[in-house]
Amino acid sequence: MSQIASSGRNKGIDWLTLSLYLSLLVTGWLMLYSVEFHPDHPYAFLDFSTQIGKQTIWLGGAIILFIICLTIDWKFWNTFAYPIYVLSLLSLVAVLIFGSEIKGAKAWFSFSGFSIQPSEFTKFATAIALSSYISYYKSNVGSLRTLATSMTIIGIPVILIMMQPDAGSAITFTSFFLLLYRRGLSPIFYILGFSFIAIFVMSLIIGPVEVSILVLLVAFVILLFNSPMPMRHQLITLFGVSLVLFIVLHINPYYSLLIAGIVMFFFLFSQFRRRNFKLLILVSVATVLAVGFGFGSNYAFENILQPHQQDRINVWLRPELCDPRGSLYNIIQSKMAIGSGGFQGKGFLDGTMTKLNYVPEQTTDFIFSTVGEEQGFIGSLGIIVIFVVLMIRITVIAERAKSPFIQNYAYCVAGIIFIHFFINIAMTMGLMPVIGIPLPMLSKGGSSLLGFTFLIATLLKMDLSR
């Protein structure tokens, strides 16, 4: 009897995931209330003309939406995944024509004091479309056709969102690569992706010439240790070449680059003589692409990006070039607010920097700075733990799902939450560029709140099918 009862409980709604979602929902509302709190108007959440009043309406709408999602058969989303996806794309086109421009981006439909951002719902639509497509083709993302189609499903909304332009929302669509990895996409794609990101970052920090020298040195190491000479000679050669490059680099970087190129050519020629054409081609192509990308990304940064876009990246990578009272101001104030909270925090409604509005956008992009100031290290760690446990729980739901569609969708949800969580919190501490990504369920905004409610409620309904 106990086994039957246990089985029955296991087939109910996932209460842990629901509790984590509700915890974030309540915490987010309380933090927004704290930001907007004024002693003369303590019941502002009942005044729907105020920001906290509007957020209260969105909160009620999210709860209603959650209940509605639990009444819809999960197979509906699989059956109508493509029509919903197409409708979401049409909404992105419509917002470019009829939308309202806010802070330089034409990304919202505005009516009666409220705004709706279609891109938040497009994440859900893309998740079910991609999940449906991959489950139909039995997760064979190793196939070029399947991979190309999957990338098209992800890429079309990204292009439309970039036309608004809203780079922050567009970046969140990289979360779907978690699903592609789970479904067998080769790790080499991710290694290449992170390598190019590293090259871009280093080309801005230390310069494209220095990065090119480093790339040539790495290629030289690969060729050196594929040569027939003994290990002792290989290590001596590596030490000697590295020492020469290091000395010449401090005299003239271009001379060092020339020497690295000559050494590289010599070892490429040795591989040619040994008829090791596969290694020769692989190393040559990779080196040319890496060096070209280093110089190209540096040129694009200096000549193609707009000044405000350059400032965002400089704040992240080269803060010494930024104006502390200009582009660097948000990050400085955010760090000060988080640091001022100490271990236990200043207490709910007692955040001085929050009350004096020192941190711009503290209800949206920088809501975590309010958590840090009022709740301190303990509260900040608590929020991080809730998010981590939520993402772990979603992967548990994914792995126990009997339907490939549900499993695919669960990984999409985990990826979307992770990208938002990681970038937003890192952004408030200056570890990532400020790109306008909300913290799920905590940041102000009805579209974001409803969008994440859609994602989680639908997943819990799907999980009931187990």
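The values are calculated or read from the model by the stated rules, or taken from the named source; none is laboratory data. Not measured: the values here are computed from a predicted model. A quick note on method: Cβ atoms are made from the backbone with ideal geometry, for glycine too, and the neighbour counts reach across all protein chains shown. Note: areas computed on protein heavy atoms with side chains; ligands, DNA, RNA excluded. Shrake-Rupley method; radii C 1.70, N 1.55, O 1.52, S 1.80 Å.
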Worksheet entry | Residue that is farthest from the chain's Cα centre (by Cα), among those in the range 371-384 that are in contact (Cβ under 8 Å) with a residue 60 or more places away in the chain and under 21 Å from residue 21 (Cβ atoms) | 371
Item to complete: Name, by its number, the condition in (1) of a type outside the set (Phe, Trp, Tyr); (2) in a helix (DSSP H, G or I); (3) free of Cβ contacts under 8 Å to residues at least 60 places away in the same chain that does not hold for residue 291.
Response: (3)
Worksheet item: among the aliphatic types (A, V, I, L, M), open to solvent by less than 40 Å² (accessible area, probe 1.4 Å) and in contact with a Leu (Cβ under 6 Å, 6 or more places away or on another chain), is that true of residue 209?
Response: yes
Worksheet, complete the sentence: Pairs returned, first residue in the range 60-79 that is in contact (Cβ under 8 Å) with a residue 40 or more places away in the chain and in a loop (DSSP other than H, G, I, E, B), second residue that is buried (at least 20 other Cβ atoms within 10 Å of the Cβ) and of a type outside the set (S, T, N, Q), beta-carbon separation under 6 angstrom, 6 or more apart or interchain, are 74/461; 74/462
Practice prompt. Could you please tell me which pairs satisfy a Cβ distance under 8 Å, a separation of 6+ or placement on different chains, a first residue in the range 149-161 that is under 15 Å from residue 132 (Cβ atoms), and a second residue that is surrounded by 16 or more Cβ atoms within 10 Å (Cβ to Cβ) and of a type in the set (S, T, N, Q)?
Written response: 153/126; 154/126
Item to complete: Just name the residue that is farthest from residue 317 (Cα to Cα) out of those in the range 402-435 that are touching an Asp or Glu at 6+ places or on another chain (Cβ under 9 Å) and open to solvent by less than 20 Å² (accessible area, probe 1.4 Å).
Response: 406
Practice prompt. Please give the number of the condition residue 357 fails out of (1) free of Cβ contacts under 8 Å to residues at least 60 places away in the same chain; (2) part of a helix (DSSP H, G or I); (3) over 18 Å from residue 344 (Cβ atoms).
Written response: (2)
Fill in: Residue that is touching a Pro at 6+ places or on another chain (Cβ under 8 Å), of a type in the set (Phe, Trp, Tyr) and in contact (Cβ under 8 Å) with a residue 12 or more places away in the chain, where the choices are 109, 114
109
Discussion item. Whether any residue in the range 100-111 is in a helix (DSSP H, G or I) and out of contact with any Leu (no Cβ under 9 Å at 6 or more places or on another chain) is what I want to check.
Written reply: no
Practice prompt. Can you give me the number of residues within the range 309-341 that are of a type in the set (A, V, I, L, M, F, W, C), open to solvent by 60 Å² or more (accessible area, probe 1.4 Å) and touching a residue at least 60 places away in the same chain (Cβ under 8 Å)?
Written response: 1
Worksheet, complete the sentence: The residue from 70, 87, 65, 46 that alone is over 27 Å from the mean Cα position of the chain (by Cα), of a type outside the set (Val, Ile, Thr) and over 25 Å from residue 355 (Cβ atoms) is 70
Discussion item. With out of contact with any Gly (no Cβ under 8 Å at 6 or more places or on another chain) and under 30 Å from residue 306 (Cβ atoms) as the only criterion, which of 174, 146 stands out?
Written reply: 174
Response to the item:
Per the list (1) open to solvent by 10 Å² or more (accessible area, probe 1.4 Å); (2) closer than 16 Å to residue 33 by Cα; (3) touching a helix residue (DSSP H, G or I) at 6+ places or on another chain (Cβ under 8 Å); (4) polar (S, T, N, Q), residue check on residue 344 breaks on (2)
Worksheet item: Just checking, how many residues over the range 37-56 are within 17 Å of residue 25 (Cα to Cα), surrounded by fewer than 18 Cβ atoms within 10 Å (Cβ to Cβ) and touching a residue at least 60 places away in the same chain (Cβ under 8 Å)?
Response: 1
Discussion item. Out of everything in the range 98-137 that is at pLDDT 90 or above and of a type in the set (A, V, I, L, M, F, W, C), what residue ends up being surrounded by the fewest Cβ atoms within 10 Å (Cβ to Cβ)?
Written reply: 121
Response to the item:
Given (1) touching a residue at least 24 places away in the same chain (Cβ under 8 Å); (2) part of a helix (DSSP H, G or I); (3) β-branched (Val, Ile, Thr), residue 434 misses just (2)
Fill in: From the options 285, 215, residue that is closer than 23 Å to residue 196 by Cβ, assigned to a helix (DSSP H, G or I) and out of contact with any helix residue (DSSP H, G or I) (no Cβ under 8 Å at 6 or more places or on another chain)
285
Discussion item. With the structure loaded, tell me whether residue 368 is part of a helix (DSSP H, G or I), among the hydrophobic types (A, V, I, L, M, F, W, C) and open to solvent by 10 Å² or more (accessible area, probe 1.4 Å) or whether it fails that test.
Written reply: no
Worksheet item: What are the residues in the range 390-401 that are crowded, with 21+ Cβ neighbours inside 10 Å and either without any contact (Cβ under 8 Å) to a residue 24 or more places away in the chain or more than 30 Å from residue 344 (Cβ to Cβ) (or both), if any?
Response: 394, 397, 398
Worksheet item: Got a sec? Which of 156, 199 is part of a helix (DSSP H, G or I), at pLDDT 85 or above and open to solvent by 40 Å² or more (accessible area, probe 1.4 Å)?
Response: 156
Practice prompt. Out of 387, 422, report the one residue that is without any contact (Cβ under 8 Å) to a residue 24 or more places away in the chain and under 17 Å from the mean Cα position of the chain (by Cα).
Written response: 422
